[in-house]
Amino acid sequence: MSAHVTIALDGMGGDRAPDIVVGGAAEALARYPHAHFLLFGDQARLEPLLGRFARLKERCEIRHTDEMVAGEEKPSVALRKGRRSSMRLAIDAVAASEAAGVVSAGNTGALMAMAKIVLRMLPGIDRPAIASFFPTAIGECVVLDLGANIECGSDNLVQFAVMGAHFAHTVLGRERPTVGLLNVGSEEVKGNDTVRAAAEILRGAEGLPFDFHGFVEGDDVGKGTVDVVVTDGFTGNVALKTAEGTAKLYSGFLAAAFRRSPISRLGYLLARPALRALKDRVDPRHYNGGVFLGLNGIAVKSHGGTDATGFANAIGLAIDMAADRLSEKIVEDFQKFRATQSTGKVAIV
């Protein structure tokens, strides 16, 4: 990417802020040398950190505020009292077109609430969806919604499919992504009325920027059966937490097995290169960054406990989305779909 892009950073959000925010910005700048940053937070804490990175200092403007959103703060409280917080000011910069996107490792609920109020929804989109990546046997896939909407209608799921397909095209490079609806079976008669209605719309709609695969089951996520898995926020969040918990469980089992005896410790030494490769393959930092799709602006939520490398990857997501005009393309597609209604073809809005 060669075009100039400015990203607003919540310098005080996250368990290890502001250190990982500044360090992450420095790593991201090495990958995206034309990027600029607006860094919101306590200037007294940010300036010494920024002084460690001469090149970043030239590309970064600190905007001081001594207010921040606490990790345990309720979204309603953050909306009322956090107007001068580092998170809110970073979002405001996107709304004012000073930045192309915002990245924060802070309170997820507060970030979603603030971004939805300040940035508003894209035309044709009813609700935002949280999208992120899952590792698969053949690469990565996009999964959404991961928790923004506990209950969804069929129109919401269709909108998520369109947004997820564009996201997969932008970030994963899929020319024409395949999309599946998460269900309890692959047969057309399976699932509740909402999922079946969404599938019927997707099968009949024309001009979609993806190929609709049909229903997929939970094990299809790991297989990489489709590029994009669409579901409601309740199911998606359960799937995400289950996957994270299972990965930690088996990591613990493996570590305990290698400590069991002198022979198993020797086996660990022999297997260490393969284990290192496995660790790199499933490193959560590579998949860090939950994107709030559907907003009239780019908002990326980094994991609160990530390190500088993970935060840099979240910044990279925001930059890639801005460079590919993701939001504009989503709007263009929905305008085309609305136009099909007058011809009697199936449309999704």
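The values are calculated or read from the model by the stated rules, or taken from the named source; none is laboratory data. These numbers come from a predicted model, not from an experiment. Here the Cβ positions follow ideal geometry from the backbone for every residue, glycine too, while neighbour counts run over all protein chains shown. With ligands, DNA and RNA removed, areas are computed over all heavy atoms of the protein, side chains included. Shrake-Rupley method; radii C 1.70, N 1.55, O 1.52, S 1.80 Å.
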For this session: First compute the accessible area of the chain with a 1.4 Å probe, then give the percent of it belonging to carbon and sulfur atoms.
Result: 53 percent
For this session: Taking H placed 1.01 Å from N in the peptide plane, check which residues at least 5 places from Glu67 or on another chain put their amide H under 5 Å from its amide H.
Result: Ser86
Problem set entry | Loop sites in segment 151-256: GluC sites (Glu not before Pro), DSSP, at most 13 other Cβ within 10 Å | Glu151, Glu175, Glu187, Glu188, Glu206
For this session: Calculate, for the chain, the solvent-accessible area per residue in square angstrom, rolling a 1.4 angstrom probe over the heavy atoms of the protein chains.
Result: 46 Å²
Exercise. So for the chain, taking the charge dipole from beta-carbon charges (+1 Lys/Arg, -1 Asp/Glu), which of Cys141, Leu157, Gly106 sits furthest toward the positive end?
Worked result: Gly106
Exercise. Where Lys and Arg each count +1 and Asp and Glu each count -1, what net charge lies around Arg83 among other residues with Cβ under 13 Å from its Cβ?
Worked result: +2
Exercise. What's the local net charge at Phe234, with K and R +1, D and E -1, over the other residues with C-beta under 13 Å away?
Worked result: -2
For this session: Using the Karplus curve 6.51 cos²θ - 1.76 cosθ + 1.60 with θ = phi - 60°, work out ³J(HN,Hα) for each residue of segment 223-234 in order, rounded to whole Hz, and write x for Gly and Pro.
Result: 5, x, 4, 10, 7, 9, 10, 10, 7, 7, x, 5
Exercise. Which far-off residues, 5 or more places away or on another chain, put their amide H under 5 Å from the one on Ala148, with H placed in the peptide plane?
Worked result: Ile130
Exercise. Hey, what did the chain get for relative contact order, percent, Cα under 8 Å, at least 6 apart?
Worked result: 23 percent
Problem set entry | Förster-model FRET efficiency, 30 Å R0, Ser97 and Asp126, C-beta, rounded to 0.05 | 0.80
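Please compute the length gained on full extension between Lys241 and Gln43, using 0.36 nm multiplied by the number of residues separating them and subtracting their Cα-Cα distance.
Gain on stretching Lys241 to Gln43: 67.7 nm.
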Problem set entry | Local net charge near Arg196, Cβ-Cβ under 10 Å (Lys/Arg +1, Asp/Glu -1) | -2
Seminar exercise, completed: Taking the chain, the lysine pairs whose C-alpha atoms sit under 16 Å apart (8 or more places apart or on different chains) add up to 4
Problem set entry | 3J(HN,Hα) from dihedral phi, segment 164-178, Karplus parametrisation 6.51/-1.76/1.60, rounded to Hz, x for glycine, proline | x, 5, 5, 5, 5, 5, 5, 8, 9, x, 6, 5, 9, x, 9
Exercise. In the set (i) 16.4; (ii) 19.5; (iii) 17.8, which value of mean projected area of the Cα convex hull in nm² was calculated from the structure you see?
Worked result: (ii)
Problem set entry | Inter-site label distance for Arg260 and Arg325 at 7 Å from Cα along Cβ, in nm | 5.9 nm
